[in-house]
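See structure below.
Only the coordinates and a few stated rules stand behind these numbers; no lab work does. In this text, all values refer to a predicted model and were calculated from it rather than measured experimentally. Quick reminder, even Gly has a Cβ in these numbers, built from the backbone with ideal geometry, and neighbours come from all protein chains shown.
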Amino acid sequence: MRDGRQRSRDKRRAKVEQRRSSARYAVVYDIDGPRIRLGVLWFLLLAGALIAGVLVLGALYGAVAGLAGWQTAKVWAKEGRPSEPWVAAAAAGLIGFAGSIGTATTGMVIVAAVVAALVAALIRHRVLLTRLLSAGFTVRSGVFVGLAAASPTIVMRIDIGACVMLVLLVSMYEVGDFLVGSGSANPVEGPLAGIVGVMVVTFAMSVIQPPPFDEQAVWLFGGMTAALCPVGQLAGSAILPRSNSDARALRRLDSLLVAGPLFAVALWNYTG
């Protein structure tokens, strides 16, 4: 029986690896190790941070974003592309935490991150083209994931109920997407399962109608999140040199890359 289970795992891994190698932009699943337990741990950490307050939530997201920035820049460096991993890590982490302070602070940190990438490129490289490439890959590695990480705390500063809803929607998408997609050779089944999960949570929220939302707004924000989470995963692949590049922290946040900032903007308009 054990051999049968092992053969099943090997078969599933082979299907996933085949799909990974065939597409530049793809939804990628890491099936090595205790991924379900790590996912549960991540959700518990988020729940605890939501209870502890916006600064703790910002620190948690900032830490993961910093690791994501470092891993992404290292992947580009291994591909022979000039980048500054520590600058990318600092940029992503600080932007991610800045969301817990305010949108103005987040904007200033983003500008500072771009300047830091340019300065680091000027110091480290002599050729103009290499300097520009280095700054570009560093910004690419750190700024976008940092903004994604800042989004939940920006939302929390507007309304904690909206932040809880965002976290629940994205978490349910990731659960459905991973459980179905990690064992499927079809690249569509995982995201579709995640979207179904989001709509289930949206239905429950439409009954509860947590402030500041009414029923119509719940469906609007839920539908928007369902549509944008898979777009964020594809954006994560676009940030990396290949869809199967090893940047696990980025993949932890990729569902928020598009959904997070647009959720925050839509909420700002809705409550303003």
I need the semi-axes of the equivalent ellipsoid of the stretch 32-271: take the C-alpha gyration tensor, multiply each eigenvalue by 5, square-root it, list largest first in whole angstrom. 31, 21, 14
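When Lys and Arg each count +1 and Asp and Glu each count -1, what net charge do the other residues less than 14 Å away from residue 83, Cβ to Cβ, add up to? Kindly include the intermediate steps, with their values, before the conclusion.
Values: positive: 74, 78, 81, 124, 131, 140; negative: 79, 84.
Local charge sum for residue 83: +4.
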Using mean Cβ contacts within 10 Å as the protection proxy, how do 227-237, 140-150, 106-116 order, highest first? 140-150, 227-237, 106-116
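At 15 angstrom or more along the helix axis (alpha-carbon based) and mean Kyte-Doolittle of 1.0 or higher, what helices does the chain contain? Whole DSSP H runs only.
Values: long enough: 2-22 (30 Å, -2.77); 35-52 (25 Å, 1.86); 54-78 (36 Å, 1.04); 85-98 (19 Å, 1.63); 103-124 (31 Å, 2.05); 128-158 (43 Å, 1.25); 160-181 (31 Å, 1.88); 189-208 (29 Å, 1.81); 215-239 (35 Å, 0.98); 256-271 (22 Å, 1.46).
Those that clear 15 Å and a mean of 1.0 are 35-52, 54-78, 85-98, 103-124, 128-158, 160-181, 189-208, 256-271.
What's the extension gain from residue 63 to residue 126 if we count 0.36 nm per residue and subtract their Cα-Cα distance?
19.5 nm
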